[in-house]
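Novice: Got a structure for you, written out below as structure tokens; questions coming shortly.
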Amino acid sequence: MAPELPEYYFRVRDNGAFVFRVDTENRQRRIEMEQVAVVNIRNGEIKPHGGRKLTKADMREIEHWMEHRIALLAERDIDDIFRAVDYLNQVTHWSHSKASDKQLEEVTDDLLLAMHDLRSVLVRKKADRLLKK
């Protein structure tokens with residue numbers, strides 16, 4: 001027995017998704033997807049597609065998806081930062097043990113500026129947090 005398809009499909013895009021209602025209950029037994037809305041997770045906007053009116057069930061599913069998507073993106077952001085920390089450690093090791101003088105000359109200024117900028121932001125944000133306490 002084939003798994004049951006979800007009632008809604010969300011085609012993810014940069015700021016949200018296009019929302020489709022999935023229909024398999026038709027004479028041809030084909031999967032049909034009808035676009036019902038466009039979602040923007042940055043500003044929370046939900047626009048019905050094609051002049052249609054969204055049902056309470058539509059809104060409930062879309063809002064649930066938005067909450068889940070925002071949480072997922074936040075998890076990915078933190079994971080990316082931890083990966084960046086690992087990568088900085090790898091760059092440190094490369095600089096210390098493998099890089100040639102020529103390679104170091106190519107990257108040193110860019111790395112120093114980026115690290116200085118990052119350090120400045122982190123120190124300022126930490127000071128702000130400490131002052132709030």
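The values are calculated or read from the model by the stated rules, or taken from the named source; none is laboratory data. Small disclaimer: the values here were computed from a predicted structure and weren't measured. Note that we place each Cβ from the backbone using ideal geometry, even for glycine, and neighbour counts take in every protein chain shown.
Novice: Where the second residue is surrounded by 11 or more Cβ atoms within 10 Å (Cβ to Cβ) and small (Gly, Ala, Ser) and the first is under 24 Å from Ile70 (Cα atoms) and in contact (Cβ under 8 Å) with a residue 40 or more places away in the chain and lies in region 15-42, which pairs have Cβ atoms under 9 Å and are six or more apart or on separate chains?
Specialist: Qualifying pairs under 9 Å: Ala17/Ala37; Val19/Ala37.
Novice: Another one. Would you be able to say whether some residue in region 68-87 is of a type outside the set (Val, Ile, Thr), within 22 Å of Arg13 (Cα to Cα) and in contact (Cβ under 8 Å) with a residue 40 or more places away in the chain?
Specialist: The answer is yes; a qualifying residue exists.
Novice: Of the residues Arg30, Arg60, Arg69, only one is loosely packed, with under 11 Cβ neighbours inside 10 Å and either more than 21 Å from the chain's Cα centre (by Cα) or not in a strand (DSSP E or B) (or both); which?
Specialist: Going through Arg30, Arg60, Arg69 in turn, just one is loosely packed, with under 11 Cβ neighbours inside 10 Å and either more than 21 Å from the chain's Cα centre (by Cα) or not in a strand (DSSP E or B) (or both): Arg30.
Novice: In region 5-64, what residues are at pLDDT 90 or above, of a type in the set (D, E, K, R) and out of contact with any strand residue (DSSP E or B) (no Cβ under 7 Å at 6 or more places or on another chain)?
Specialist: If the condition is that a residue be at pLDDT 90 or above, of a type in the set (D, E, K, R) and out of contact with any strand residue (DSSP E or B) (no Cβ under 7 Å at 6 or more places or on another chain), then Arg13, Asp14, Arg42, Glu45, Lys53, Lys56, Arg60, Glu63 are the ones that fit.
Novice: Looking only at residues that are part of a loop (DSSP other than H, G, I, E, B) and free of Cβ contacts under 8 Å to residues at least 12 places away in the same chain in region 44-57, which one is nearest to Ala71 (Cα to Cα)?
Specialist: Among residues in region 44-57 that are part of a loop (DSSP other than H, G, I, E, B) and free of Cβ contacts under 8 Å to residues at least 12 places away in the same chain, the one nearest to Ala71 (Cα to Cα) is Thr55.
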